[in-house]
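Each value in this text was obtained by applying a stated rule to the coordinates, not by laboratory testing. Everything numeric here is computed off the predicted structure, so don't read it as measured data. Cβ coordinates were reconstructed from backbone atoms using ideal geometry, including for glycine residues, and neighbour counts include every protein chain displayed.
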Amino acid sequence: MQKFFKIFLLTIFSFTLANSALAADHGSAEEAQALVKKAIAYIKANGAEKAYAEFSNPKGSFVDRDLYIYVADFTGKALAHGANIKLVGKDIRTLRDVDNKAFVIDILALAESKGHGWVDYKWPNPADKNKAIVQKSTYFEKSGDVIVACGIYK
């Protein structure tokens with residue numbers, strides 16, 4: 001019986017360690033919010049041009065595991081994007097998730113009315129080698145005439 005109990009505890013411990021390691025591969029809601037605040041402070045300290053270049057650098061200090069910063073103006077033009085540089089300069093209001101949800105339009109509207117918040121949608125995870133489509137939540141804050149955002153993959 002003692003041997004069974006030891007094996008049982010060892011199995012539980014192994015699963016706990018595995019789950020902790022998997023969780024460490026993904027950014028948390030708190031980390032996304034902190035990265036947005038860090039990005040806003042970086043813009044204020046260094047200016048938009050330098051900040052947007054750093055945010056759009058996939059090896060820069062604003063890309064952490066599956067977390068990255070993107071910035072858009074209120075016309076929907078992407079000014080920086082840490083996961084897809086091809087989106088910079090494009091109108092991202094046309095982006096839709098797999099359920100045809102216009103999530104950027106939702107972000108723009110909420111940023112204008114509330115200044116910050118979360119929007120949920122489904123999106124491919126760029127950190128996943130298969131680019132699996134998963135549930136995503138993006139935290140955003142209005143900062144002057146732009147929106148600074150960072151999403152988490154669930």
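Across the alpha-carbon atoms of segment 28-153, the computed radius of gyration and Dmax are 13.1, 39 angstrom. Look at the alpha carbon pairs under 8 Å that are at least 6 residues apart: their mean separation over the length of segment 28-153 gives a relative contact order of 25 percent. Stretching the chain fully between Thr94 and Ser113 yields a gain of 4.8 nm (0.36 nm per residue, less the alpha carbon separation). Applying the Karplus relation 6.51 cos²θ - 1.76 cosθ + 1.60 with θ = phi - 60° to segment 65-76 yields 3J(HN,Hα) values of 6, 9, 9, 8, 9, 9, 10, 9, 8, 7, 8, x Hz, where x marks Gly and Pro. Applying 1/(1 + (r/R0)^6) with R0 = 22 Å to the Cβ-Cβ distance of Lys122 and Phe74 gives a FRET efficiency near 0.35. What the phi angles of segment 89-101 give under the Karplus curve with 6.51, -1.76 and 1.60, with θ = phi - 60°, is a coupling list of x, 9, 7, 8, 5, 7, 5, 9, 7, 5, 9, 6, 7 Hz, glycine and proline written as x. Spin-label pair Ser61-Asn130: with each label point 7 Å from Cα along the Cα-Cβ axis, the two points sit 3.6 nm from one another. Distances between placed amide hydrogens fall under 5 Å for Tyr68 paired with Gly151, all partners being 5 or more residues away or on another chain.
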